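One structure is given below, encoded as structure tokens.
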Amino acid sequence: MTSHETGAIVAALTAKGAVVRFVGGCVRDALLERSVKDIDIATPDPPERVLELLRVAGIKAIPTGIDHGTVTAVIPPAHYEITTLRVDAETYGRHARVEFSSDWESDAARRDFTINAIYCDPQGEIFDPTGGIADLERGIVRFVGTPDTRIKEDYLRILRFFRFTAFYGTQPADSDGLAACRENAEALTSLSGERVAGEMLRLLESDNSGAVLKLMEQNGILDHLLPELKRTDRLCGIIAVDGPDPDPLRRLAAANSADEDGTHALAQRLRLSKVERERLTAIVTHEGEVAVDTDARGRRRLLYRLGAQAFEDLAFLEWAANPSEARSWRRHLRFAARWSRPALPIGGADVMALGVPRGPEVGNTLEAVEAWWIKGDFKADREKCLVKLRQLVAIG
Ligand code: ATP
Ligand code: MG
């Protein structure tokens, strides 16, 4: 928040005398001395005026949510979300009829949690109208206002409650908030897959997500929304071994108890990409195929068949189940990271050059040579593969 770029944004926004404040994640994380990712700024100026102030200062601005009063300012690589102080006059799900205001306290009142409603001016002066700092210190994620009311305005707040609990909470979680989440859990199914996936994958980045997923399960949060995520012990297991740069999709796979069809459906429901969907499904299909005592030759063969991504995913999952074998698993994973896929040194043209007519027979013959080549640990070069090919074609 003290960077040169941020200073330029603040200077632009305050050029005509407006008072602006940082708010949300950047203030919360700065207070905890955690690294700050993106910066949110609140201003009493309406969005059209914000756009004009940025234009005058020569800063790129994108009207990302003019109706909601949000303008994004860009000084590469940083993005700044600048939001006009607002009151949500009526809320229907994520769509709120917004009224802009100059009242900081009512702006705080429409935010989700007290720890997200702490403000800080460019001089470092804190404004904390809902007692967010005390909650941050105690590790309590507390709704601003009445939990039930706030949840009914936007059911995503249930998932945000658990996400922020994972990152900032110490258990036990706030009992009023938890009760309201429990009572409203059925309505989670009304949320779009993208919003659910966004929150869940961010939750899974936390090393507390295993414990928090258990808490969600105990409170019936997952019953309607994601009943597949039953393997919380396996999730805890993978969290214990997958640092320091965890992969939330792999953690999702660890918690997933569905079969192949169920996993496909889960991925569709969460609107995951095709690549992500195939990755989740491969983990189910090939569960148990990567074993800790696999030798180098077996490893190469598995890598060739499964690809490095699936091999790594499966290795992590097995490792989670056998944490005592850390050294062997690390060796497998290092090997996978360095592995590059060998290419069969012959192709369809070589088969047809021997008189096999274009058609399925070409592919079948190639596959037979490939199987022999794999069995020989990928050692045969082009010459040797051609000899084998001639033999196979001669036999017919
Ligand atoms: P992070 O960026 O680390 O996820 P953040 O708190 O900055 O945390 P954002 O999603 O960037 O989260 O939102 C910025 C602020 O906007 C939040 O701190 C909160 O005050 C408010 N906010 C965001 N989403 C909601 C919501 N669904 N309901 C109420 N307030 C919200
Ligand atoms: Mg943010």
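Miscellaneous remarks
- Among the conditions (1) of a type in the set (A, V, I, L, M, F, W, C); (2) over 20 Å from S209 (Cβ atoms); (3) outside any helix (DSSP H, G or I), L272 misses just one, which is (2).
- Single unsatisfied condition, D29 versus (1) within 13 Å of ligand 2 (Cβ to nearest atom); (2) touching a residue at least 12 places away in the same chain (Cβ under 8 Å): (2)
- Any hit, segment 148-162, residues being among the hydroxyl-bearing types (S, T, Y) and not in a loop (DSSP other than H, G, I, E, B): yes
- Screening R301, R331, R382, R297 for residues that are under 22 Å from D242 (Cα atoms) and outside the structural domain of I239 (by TED's automatic domain parsing) leaves exactly one candidate, R331.
- The residues of segment 8-42 that are among the hydrophobic types (A, V, I, L, M, F, W, C) and away from ligand 1 (no atom under 12 Å from the Cβ), listed by number, are A8, I9, V10, A11, A12, L13, A15, A18, V19, V20, L31.
- Within segment 22-105, strands (runs of 3 or more DSSP E) holding 3 or more residues that are at pLDDT 85 or above: 39-43, 60-65, 70-75, 78-84
- Tallying residues that are open to solvent by less than 10 Å² (accessible area, probe 1.4 Å) and in contact with a Pro (Cβ under 8 Å, 6 or more places away or on another chain) within segment 204-230 yields 1.
- Qualifying positions in segment 241-250 - assigned to a helix (DSSP H, G or I) and more than 9 Å from L317 (Cα to Cα): V241, P248, L249
- Segment 1-21, residues that are under 17 Å from E48 (Cα atoms) and assigned to a loop (DSSP other than H, G, I, E, B): T14, A15, K16, G17, A18, V19, V20
- Just one of the listed residues (A343, A337) is open to solvent by 40 Å² or more (accessible area, probe 1.4 Å), out of contact with any Ser or Thr (no Cβ under 8 Å at 6 or more places or on another chain) and closer than 30 Å to V393 by Cβ, and it is A343.
- Qualifying residue in segment 231-240 (condition: touching a helix residue (DSSP H, G or I) at 6+ places or on another chain (Cβ under 7 Å), open to solvent by 20 Å² or more (accessible area, probe 1.4 Å), assigned to a loop (DSSP other than H, G, I, E, B) and of a type outside the set (A, V, I, L, M, F, W, C)): yes
- Residues satisfying the stated conditions in segment 346-358, i.e. hydrophobic (A, V, I, L, M, F, W, C) and surrounded by 15 or more Cβ atoms within 10 Å (Cβ to Cβ): I346, V351, M352, V356
- L32 vs. criteria surrounded by 19 or more Cβ atoms within 10 Å (Cβ to Cβ) and among the hydrophobic types (A, V, I, L, M, F, W, C): no
- The set of residues from segment 106-124 being open to solvent by 30 Å² or more (accessible area, probe 1.4 Å) and either near ligand 1 (Cβ under 9 Å from one of its atoms) or in a helix (DSSP H, G or I) (or both) comprises A109, R110, R111.
- Set side by side, the residues R299, R331 differ, and just one is open to solvent by 40 Å² or more (accessible area, probe 1.4 Å) and farther than 21 Å from H264 by Cα, which is R331.
- Here segment 146-161 is the region considered, the condition is being more than 13 Å from R111 (Cα to Cα) and more than 23 Å from the chain's Cα centre (by Cα), and the residue that is farthest from ligand 1 (Cβ to nearest atom) is D148.
- The sole residue among E278, E361, E383, E287 that is under 30 Å from C236 (Cα atoms) and either open to solvent by less than 60 Å² (accessible area, probe 1.4 Å) or part of a helix (DSSP H, G or I) (or both) is E278.
- A single member of F127, F164, F143 is away from ligand 1 (no atom under 13 Å from the Cβ) and of a type outside the set (V, I, T), and it is F127.
- Subset of segment 167-189 [more than 14 Å from ligand 1 (Cβ to nearest atom) and open to solvent by 60 Å² or more (accessible area, probe 1.4 Å)]: T170, Q171, P172, S175, D176, R182, E183, E186, T189
- When residues in segment 53-71 are screened for being more than 16 Å from ligand 1 (Cβ to nearest atom) and surrounded by 14 or more Cβ atoms within 10 Å (Cβ to Cβ), 6 of them pass.
- Residue in segment 180-201 that is over 30 Å from S273 (Cβ atoms), in a helix (DSSP H, G or I) and out of contact with any Pro (no Cβ under 8 Å at 6 or more places or on another chain) present: yes
The values are calculated or read from the model by the stated rules, or taken from the named source; none is laboratory data. Computed from a predicted structure; not experimentally measured. Every residue, glycine as well, gets a Cβ built from its backbone with ideal geometry; the counts of neighbours run over all protein chains shown. When the accessible area is computed, the model is the full protein with side chains, heavy atoms only, and any ligands, DNA or RNA have been set aside. Shrake-Rupley method; radii C 1.70, N 1.55, O 1.52, S 1.80 Å.
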